[in-house]
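Okay, so here's the structure we're looking at.
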Amino acid sequence: MNKKIITYSIWALFNDADEKFLKKIKKLANFYLSDPGITNISDFPIHMTINSNIDKNSKRLKQDIKKIRKFEIRAVGYFYKNIFFKSFFIKIKAEKNLINISNFFNTKKNVKNEYFSPHISLCYGNQKNKIKKCSIDALPIIKDKVFKINRICIAMNDEKNFKWKIIKIFKI
């Protein structure tokens with residue numbers, strides 16, 4: 001797979017209380033998932049990706065982001081996959097409003113049917129499934145927890161060097 005080295009995304013960011021809570025969960029998850037010799041990446045801002053591979057220089061992007069209003073998302077629970085950048089995460093219920101926001105940006109970049117799986121990554125890596133399963137049991141229950149989104153940002157993604165940076169934040 002030929003991936004660009006640097007890409008840009010639109011991320012949803014949380015209100016202060018939810019961000020603090022999620023950072024604690026992420027820190028706990030990182031502790032439980034730590035295993036010598038296994039790649040475990042958690043040094044990235046807590047966020048939920050709304051859309052990837054955007055044109056950060058688009059003249060309309062900032063105007064489009066400003067059209068989004070505060071919204072809430074609901075946790076389904078903790079999940080894991082054998083996908084490096086979706087290794088351990090909180091799955092988010094794909095409610096109509098959230099899908100509409102993602103589709104809004106797909107339309108702006110002339111993309112159709114881009115797969116949208118809303119989630120909050122807690123850790124990237126190649127941890128063993130047994131460790132991931134035990135980690136879920138050790139973390140606080142979050143099923144049906146509501147998180148409030150009050151900011152949207154443009155983020156730079158360097159997945160080759162494991163670096164992520166928020167470029168611009170918009171209060172919504």
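The values are calculated or read from the model by the stated rules, or taken from the named source; none is laboratory data. Quick caveat, the model's predicted, so the values are computed rather than measured. Please note: Cβ atoms are built from the backbone with ideal geometry, for glycine as well, and neighbour counts cover all protein chains shown.
Filter region 118-142 down to residues that are outside any helix (DSSP H, G or I) and more than 14 Å from Ser87 (Cβ to Cβ), then give me how many there are. If you could, list the steps in order and put the result at the bottom.
Going residue by residue through region 118-142, those that are outside any helix (DSSP H, G or I) are 118-128, 139-142.
From what's left, more than 14 Å from Ser87 (Cβ to Cβ): 118, 139-142.
Residues flagged as outside any helix (DSSP H, G or I) and more than 14 Å from Ser87 (Cβ to Cβ) within region 118-142 amount to 5.
In the condition set (1) over 19 Å from the mean Cα position of the chain (by Cα); (2) modelled with pLDDT under 90; (3) not basic (Lys, Arg), Ala138 is compliant with all but (2).
Being surrounded by fewer than 16 Cβ atoms within 10 Å (Cβ to Cβ), farther than 20 Å from Ala17 by Cβ and basic (Lys, Arg) holds for only one residue in Lys130, Lys70, Lys171, and it is Lys130.
Residues that are among the acidic types (Asp, Glu), over 13 Å from the mean Cα position of the chain (by Cα) and modelled with pLDDT of 90 or more: does region 147-167 have at least one? Scanning region 147-167 turns up at least one residue that is among the acidic types (Asp, Glu), over 13 Å from the mean Cα position of the chain (by Cα) and modelled with pLDDT of 90 or more. For region 117-154, a residue qualifies if it is touching a Leu at 6+ places or on another chain (Cβ under 8 Å) and closer than 23 Å to Phe105 by Cβ, and the qualifying residues are Pro118, Ile120, Phe147, Ile149, Asn150, Arg151, Ile152, Cys153, Ile154.
Within region 64-84, being hydrophobic (A, V, I, L, M, F, W, C) and more than 20 Å from Phe14 (Cβ to Cβ) holds for Ile83, Phe84. The condition of being in contact (Cβ under 8 Å) with a residue 40 or more places away in the chain and among the basic types (Lys, Arg) holds for only one of Lys62, Lys86, that being Lys62. Among the residues of region 93-100, are any touching a helix residue (DSSP H, G or I) at 6+ places or on another chain (Cβ under 7 Å) and surrounded by 14 or more Cβ atoms within 10 Å (Cβ to Cβ)? No, region 93-100 contains no residue that is touching a helix residue (DSSP H, G or I) at 6+ places or on another chain (Cβ under 7 Å) and surrounded by 14 or more Cβ atoms within 10 Å (Cβ to Cβ).
Note on region 5-104: enclosed strands (runs of 3 or more DSSP E) holding 2 or more residues that are out of contact with any Phe, Trp or Tyr (no Cβ under 7 Å at 6 or more places or on another chain) are 7-14, 71-80. Between residues in region 141-164 that are closer than 11 Å to Glu72 by Cα and residues that are among the charged types (D, E, K, R), which pairs lie under 6 Å by C-beta distance while being six or more apart or on different chains? These pairs meet every condition: Val146/Glu72; Val146/Arg74; Phe147/Asp18; Lys148/Asp18; Lys148/Glu72; Asn150/Lys70. Tell me whether region 43-56 contains one or more residues that are acidic (Asp, Glu) and either within 12 Å of the chain's Cα centre (by Cα) or exposed (fewer than 13 other Cβ atoms within 10 Å of the Cβ) (or both). Yes, region 43-56 contains at least one residue that is acidic (Asp, Glu) and either within 12 Å of the chain's Cα centre (by Cα) or exposed (fewer than 13 other Cβ atoms within 10 Å of the Cβ) (or both).
Residues in region 4-23 that are surrounded by 13 or more Cβ atoms within 10 Å (Cβ to Cβ) and among the charged types (D, E, K, R): Asp18, Glu19, Lys23. Quick one: in region 83-94, which of the residues that are modelled with pLDDT of 95 or more and not hydrophobic (A, V, I, L, M, F, W, C) is nearest to Ile38 (Cα to Cα)? Once the filter is applied, the top-ranked residue is Lys91.
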